[in-house]
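One structure below.
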Amino acid sequence: CREAFDNLSEEDRTSLINIHGRVKRFAEAQRASVQDMCIDIPGGKAGHTVSPCRAAGCYAPGGRYPLPSSVIMTAVTARAAGCKIVVLATPRPVPITLAAAHISGADILVAVGGAQAIATMAYGLEVEDGSMAVPPCDVIVGPGNQWVTAAKSIVQGYCGIDMLAGPSEVLVICDDTASPEVVAADLIAQAEHDVIARAIVVTTCVEMEKKINVAVRRQL
């Protein structure tokens, strides 16, 4: 993973560093906002403690195209939370994905996708000598296709999951005062998730529709 990071173009490496820094800053601030507390009550004390789980499983899709952003948003958050072990599963990892795993501090990378990856992180992977190559994860997070979602629905309860997400959808309603570039970016950000994702615009201005189409083509 370090080699992949070092061999990236200067532009890609700088982009990863910037994205990592932003996600890390927010995640650490978010973690710091939730503190242990204890108050006196009649007959004793009441309060709560906030402690991280031991192992976090992070899933990053990569079947059709790499999503290093998913690597960073899940693994960096797990690190900020204080998880001792961060497992990353992604199918067919390409250099940009490996580089994202490096900068995010993932401990273990499993080059497997789909339901198999979720099962591996939920139940762990024991090798011939009896040791665990992949420890069972206390929580599994990250987006995925219908097979990933189905697998997460099966293992929830055995371990924690973030949510059962459906296909990405976005509806932008705008008039002639909107920024075509911003609207185009919002559409692409959701449409890139999956071939069945839906990105829809409703506008009162025909000229705005044309400008958005031009902006989408330019940003692609």
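The values are calculated or read from the model by the stated rules, or taken from the named source; none is laboratory data. Note that the coordinates shown come from a computational prediction; the quantities given were computed from them, not determined experimentally. Using ideal geometry, Cβ is built from the backbone for each residue, glycine included, and neighbour counts are taken over all protein chains shown. Heads up: the accessible areas ignore ligands, DNA and RNA and are worked out on the full protein's heavy atoms, side chains in. Shrake-Rupley method; radii C 1.70, N 1.55, O 1.52, S 1.80 Å.
Can you give the relative contact order of the chain as a percent, counting alpha carbon pairs under 8 Å and 6+ residues apart?
Numbers: 387 pairs, mean separation 35.6, N = 220.
Dividing the mean separation by the residue count of the chain yields 16 percent.
For the chain, give the magnitude of the charge dipole about the Cα centre (Cβ charges: +1 Lys/Arg, -1 Asp/Glu; no others), in debye to the nearest 20. The partial results should precede the final answer.
On the way: 18 positive and 23 negative charges, 24 e Å.
That gives a dipole near 120 debye.
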**Request:** Quick one: which residues, 5 or more positions from residue 172 or on another chain, have an amide H under 5 Å from its amide H? H modelled 1.01 Å from N in the peptide plane, none for Pro or chain starts.
**Result:** 200, 201, 202
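Quick one: accessible area per residue over the chain, 1.4 Å probe, rounded to a whole number of Å²?
58 Å²
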**Request:** For mean projected area of the Cα convex hull in nm², several values are listed as [x] 18.0; [y] 11.6; [z] 17.1; flag the one computed from this structure.
**Result:** [z]
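May I ask you to compute the full-extension gain from residue 13 to residue 154, defined as 0.36 nm times their residue separation minus their alpha-carbon distance, rounded to one decimal in nm? If you can, show how the numbers build up before the last one.
Working: separation 141, 0.36 × 141 = 50.76 nm, distance 3.73 nm.
Residue separation times 0.36 nm, minus the Cα-Cα distance, leaves 47.0 nm.
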**Item:** For peptides 49-62, 186-199, sequence by mean Cβ density within 10 Å, most packed first
**Value:** 49-62, 186-199
**Alpha-carbon centroid distance for the pair the stretch 120-157 / the stretch 18-46, whole angstrom** = 27 Å
**Prompt:** What ranking of 109, 164 comes out by heavy-atom accessible area, probe 1.4 Å, highest first?
**Reply:** 164, 109
**Fill in**
The ³J(HN,Hα) series, computed from each phi in the stretch 101-111 with the Karplus coefficients 6.51, -1.76 and 1.60 at θ = phi - 60°, rounded to the nearest Hz and given as x for glycine or proline, is 5, 5, 5, 7, x, 5, 8, 10, 10, 10, 7
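In whole percent, and with a 1.4 Å probe on the protein chains, what portion of the accessible area of the chain is carbon and sulfur?
Values: 7220 of 12810 Å².
Answer for the chain is 56 percent, counting heavy atoms of protein chains only.
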**Message:** Could you sort the peptides 177-185, 135-143, 8-16 by per-residue average Cβ neighbour count (10 Å cutoff), highest mean leading?
**Reply:** 135-143, 177-185, 8-16
**Fill in**
Restricted to the chain, the DSSP antiparallel beta bridge percent, nearest 5, is 25 percent
